[in-house]
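Data first, discussion second: the structure below is written as structure tokens.
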Amino acid sequence: MKFNYSILFAAPIFMVMLMDTMFLELMAPNNEATQGAFLSIMVKLSAGIAMGYSLYNIRYMAPFMRVMFALTLLYVVGLVFESFLKYNTPLIYPHVFQKVFLFFYTFFIYTYYKKNEYLDLKHVVWFILVGFLLNVILIHPDSLSISAFTNHERGVYATSIYMLVIPFLYFMSKYLSKGGIFTMVMAFFVLFLIIFFQHRTVWISTAFILTVYVLLVKLKSKSKVNFKKLIPLAVVIGILGIISSAFVFSIHPEIVEKFQENFSDIENYDKQGTGGWRFNQFMSYLPFVQDNFIWGMRFEGFELPIQFYRDDLDEPVFEGGNGHHFHSFYLDVLFYTGFVGLMLIWMVKFYAIGKTVRARALDQEQILLMAFISSGFVFGLSYVLPYFFYAILGLTVAYLDSNNNENFTFLKDFAHRRKDRIASRRLQLETNKELVTSS
């Protein structure tokens, strides 16, 4: 059995993904205090590594990325000086600094994979899938029942389901470009998981991603993708779906009602369901965002009393003294770091979009990654963007940068290159021996 050395180069992106809740729960099952402690340690260590590595290897960055990294670093330095001047300590509220430290994951992953071109995306895909399945089987087995579905007991967090979209895109693109029963089954298996766990924001994000994916394939794909493969597949799935749903729905009619309720919540986002809850939170903090739109509230924001109250008890929704916990990326970033902070990360995404538009053609990995990060605009409306999103954004820009270098084969297997080098050395030694013998 040969070991595929390219998996070693997936370690940096694995490091960031391990901070998602589904992996933290595997590290400390049913112990939120320990999970929080693990996360705190991992964030501090990884943020320091990300910043230091990016600064040391800044020469490998494209000029625009170098400028954005310098501006982000300058923002952090400004926060340190502000902390010194107001509180006589360099890092008064780590919660506030963390809002900016997240951006360094993008530069770290970008720089690492710009410098080391040996990543195979399948390792990332299987890392996500195995982690998710272990979490569901070991930590949340009760979530795999009809009652859990109808009672909206999702068990698994939205960010973890959002991460599943990457394997779904990977298997779907493999099936459309190369075919294969296994990739087809895996694509629809992952899609079933995304639908079953009922995170409506992930449903909308997935639909948005698929739209972008189809557009990019039509306009930019290097390889031919045959969408006609979906026609017979859709017919078979449709027939099987009708037969099975007629049987299941006759036994559990509440499933139909649950789907109707979910779509009703999407349509009436500002009045019912969790969408109404988020809308009320947004309106509670909107005045503070408007008054501090450019630079945000920063440390004053952390000290601000909780503004979001429960109507039934007339008490704050969250406990005070721990900062404000928003259910929107936009509200979170604008409240703490303002429009400047928003642009620090969004400009990198605009850079990726610009490279996509200018590129003559893109391969399937570049297309699926670009389609995924485009959903950040949508997912960020309802949730704070997870740690791994910043890593995937950096990976996407690195992949897109590789498009401009014909001699840079991004997914070429490390073990294969090593084998070629050994063969070349052997040939050279044999040639030298022949020369010595002949002389």
For this session: Convert each backbone phi in segment 129-141 into a coupling constant with the Karplus relation 6.51 cos²θ - 1.76 cosθ + 1.60 (shift: θ = phi - 60°), then list the ³J(HN,Hα) values in order as whole Hz, x for Gly and Pro.
Result: 5, 5, x, 5, 5, 5, 4, 5, 6, 8, 9, 10, x
Exercise. How much length, in nm to one decimal, is gained on full extension between residue 300 and residue 66, taken as 0.36 nm per residue of separation minus their Cα-Cα distance?
Worked result: 81.2 nm
Seminar exercise, completed: Two pseudo-spin positions, 7 Å from Cα along C-beta at residue 86 and at residue 214, lie apart in nanometres by 4.8
For this session: Kindly write out, for segment 346-358 in residue order, the coupling ³J(HN,Hα) from the Karplus curve 6.51 cos²θ - 1.76 cosθ + 1.60 (θ = phi - 60°), rounded to whole Hz, with x marking Gly and Pro.
Result: 6, 5, 5, 5, 4, 5, 5, 5, x, 5, 5, 5, 7
Problem set entry | 5 angstrom amide H check on residue 362, placed H, neighbours 5+ away | 221, 222
Exercise. Taking 0.36 nm per residue of separation and subtracting the Cα-Cα distance, what length does fully extending residue 130 through residue 44 add?
Worked result: 28.4 nm
Exercise. Got a sec? Which residues in segment 18-54 would a label at residue 137 touch, if it sits 7 Å along Cα→Cβ and we count backbone N under 19 Å?
Worked result: 22-30
Problem set entry | Accessible solvent surface per residue of segment 66-106, calculated while the other protein chains remain in place, 1.4 angstrom probe, Å² | 47
For this session: With a point put 7 Å past each Cα toward its Cβ, work out how far residue 226 is from residue 182 in nm, to one decimal.
Result: 2.0
For this session: Quick one: which residues, 5+ away or cross-chain, put their amide H under 5 Å from the amide H of residue 309? H built at 1.01 Å from N.
Result: 317
Exercise. Hey, what do the phi angles of segment 50-63 turn into as Karplus ³J(HN,Hα) couplings, whole Hz, using 6.51/-1.76/1.60 and θ = phi - 60°, x for Gly and Pro?
Worked result: 4, 5, x, 5, 5, 5, 5, 10, 4, 5, 7, 7, 5, x
Problem set entry | Label-point separation, residue 8 to residue 95 (7 Å along Cα→Cβ), nm | 4.2
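The values are calculated or read from the model by the stated rules, or taken from the named source; none is laboratory data. Small disclaimer: the values here were computed from a predicted structure and weren't measured. Cβ: placed from backbone, ideal geometry, glycine included. Neighbour counts: every protein chain shown. Surface accessibility is based on the protein's heavy atoms, side chains included, excluding ligands, DNA and RNA. Shrake-Rupley method; radii C 1.70, N 1.55, O 1.52, S 1.80 Å.
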